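Here the structure is laid out as structure tokens; the discussion comes afterwards.
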Amino acid sequence: MSPNEPASNAGIRNARAGAMRTLIVYESQWGNTEAVARAVAEALGPETAVERASALAASDLAGVELLVVGSPTQGGRPLAGVTKLLTSLESNALASTRAAAFDTRLPMGERGFALRLLMRTIGYAAPKIAKALEAKGAHLTAPPEGFLVEGKEGPLRPGELERAAAWAATLRAPVGR
Ligand SMILES: Cc1cc2nc3c(=O)[nH]c(=O)nc-3n(C[C@H](O)[C@H](O)[C@H](O)COP(=O)(O)O)c2cc1C
């Protein structure tokens, strides 16, 4: 390590001796988002850690090379555990980190016009998580993604875990930077 190299970069370099240090962070009320998080982790390989956001401190994200953050959409936003963790980070804490965001959400198509309009207006958790990740210096490696549940307690729509695994497989692509 050169004397000018920030300590966090040294940590990342050391991690590169083994697998890419990858962490999936999630919140989940009924387990659907957790199931997506675990499917993403499995697709990314056995070295991938999966942790609930509320169990983590800002320092746990130091040296992570690929960070995937997921939450249920509630009222158009992520759950507080995710928001709190991300806002607790220093402004450049994720400068050496590639990141991606996902949420779980209800399908828009089967709702009435007024509810569809409301859902479109308030938006979804994943774009907000992605924005918070970028605000801390992270480089997004994929657009924010949403996975569908059939009702507020689930279950996930058939095929969504497979879609999550396919989405995860795109996340290791180099970021244009
Ligand atoms: C209080 C509340 C608010 C919700 N708001 C939204 C919403 O704004 N948009 C949406 O698509 N789904 C909404 N949902 C449905 C959740 O996205 C769904 O419960 C979640 O995907 C289930 O994931 P989990 O099992 O990980 O908690 C809401 C659910 C609850 C309980």
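The values are calculated or read from the model by the stated rules, or taken from the named source; none is laboratory data. What you see is a predicted model, and the numbers here were worked out from it, not measured in a lab. Positions of Cβ are backbone-derived with ideal geometry, glycine not excepted, and every protein chain shown enters the neighbour counts.
Table for the structure above
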{"quantity": "Any hit, segment 43-56, residues being of a type in the set (S, T, N, Q), part of a loop (DSSP other than H, G, I, E, B), modelled with pLDDT of 95 or more and surrounded by 23 or more Cβ atoms within 10 Å (Cβ to Cβ)", "calculated": "no"}
{"quantity": "Residue among Leu171, Leu133 that alone is in a helix (DSSP H, G or I), hydrophobic (A, V, I, L, M, F, W, C) and within 14 Å of the chain's Cα centre (by Cα)", "calculated": "Leu133"}
{"quantity": "Cross-chain or 6+ apart pairs with Cβ under 8 Å, segment 53-77 first and free of Cβ contacts under 8 Å to residues at least 40 places away in the same chain, then small (Gly, Ala, Ser) and part of a strand (DSSP E or B)", "calculated": "Ala53/Ser71"}
{"quantity": "Index of the failed condition, Gln74 passing every other in (1) surrounded by fewer than 20 Cβ atoms within 10 Å (Cβ to Cβ); (2) closer than 19 Å to Leu23 by Cβ; (3) of a type outside the set (Asp, Glu)", "calculated": "(2)"}
{"quantity": "Which listed residue is of a type in the set (Gly, Ala, Ser), within 14 Å of the ligand (Cβ to nearest atom) and crowded, with 16+ Cβ neighbours inside 10 Å, from Gly146, Gly137", "calculated": "Gly146"}
{"quantity": "Hits in segment 65-92 (condition: part of a strand (DSSP E or B) and within 11 Å of the ligand (Cβ to nearest atom))", "calculated": "Gly70, Ser71, Pro72, Gln74, Arg77"}
{"quantity": "Residue check, Arg163 within 23 Å of Ala80 (Cα to Cα), within 16 Å of the ligand (Cβ to nearest atom) and assigned to a helix (DSSP H, G or I)", "calculated": "no"}
